[in-house]
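The values are calculated or read from the model by the stated rules, or taken from the named source; none is laboratory data. Note that the coordinates shown come from a computational prediction; the quantities given were computed from them, not determined experimentally. A quick note on method: Cβ atoms are made from the backbone with ideal geometry, for glycine too, and the neighbour counts reach across all protein chains shown. SASA here: full protein model, heavy atoms, side chains in, ligands and nucleic acids out. Shrake-Rupley method; radii C 1.70, N 1.55, O 1.52, S 1.80 Å.
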Amino acid sequence: MRRHQPGFSLIEVIAVLLLLGVLSAFAGMGIVSGVNAVQSAKETVDLAQRAQFALTRLSREMLELGALTSGPAPPIVYQNFSGTHTLTHDVNLKTLALDNDLLLDRVNAFVLVYRRADGSAWNSAADPLSQLFEVSIQLSLNRSDGQVVTFQTTVSPRNNGTVNGPTA
């Protein structure tokens, strides 16, 4: 006659270990995805802050625009109250520089769009500065995961003689 012995059978122990392994795998995937989300959010905040800094600086430069001596494609040479400046976008290095000082890196695209008060395009070679009503600044930055994030702002230069334009 067989006696009932206390304890677990080998099948019960294997079943419990198997269930613990499956639960651990799901918990590990949840933890990894949470960490990835935090890293992605940190990178997005960093890009947004750096883009905001660059857009604020460029907005200030364009706000005080006194003369624009080259077209919308970089290098862009312009004058304002502090002198003559050059804005360059190096496509190979993916950098944006103001007077050879690095303003921003990981720049995928940089575009300046010039408009008259009626919304039509303003041409730096043919139109007087007094017809320049607004400058749209567009930046596209590369994330480490390959995605591109675009930032944009619009500024109206003041004191350039634009009819009904902003003044100091």
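See the values below:
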item: Every residue from the stretch 1-16 that is loosely packed, with under 10 Cβ neighbours inside 10 Å and either assigned to a helix (DSSP H, G or I) or in contact with a strand residue (DSSP E or B) (Cβ under 6 Å, 6 or more places away or on another chain) (or both); result: L10, I11
item: Single condition N36 does not satisfy, out of (1) surrounded by fewer than 15 Cβ atoms within 10 Å (Cβ to Cβ); (2) polar (S, T, N, Q); (3) part of a strand (DSSP E or B); result: (3)
item: Residues that are closer than 16 Å to P157 by Cβ and either open to solvent by less than 70 Å² (accessible area, probe 1.4 Å) or not in a loop (DSSP other than H, G, I, E, B) (or both), drawn from the stretch 120-133; result: A121, W122, S124, D127, P128, L129, S130, Q131, L132, F133
item: V77, sole failed condition from (1) outside any strand (DSSP E or B); (2) within 27 Å of D127 (Cβ to Cβ); (3) β-branched (V, I, T); result: (1)
item: Residue that is more than 18 Å from S140 (Cβ to Cβ) and open to solvent by 40 Å² or more (accessible area, probe 1.4 Å), where the choices are F53, F81; result: F81
item: Which numbered condition S144 misses (of (1) free of Cβ contacts under 8 Å to residues at least 60 places away in the same chain; (2) assigned to a loop (DSSP other than H, G, I, E, B); (3) of a type in the set (S, T, Y)); result: (1)
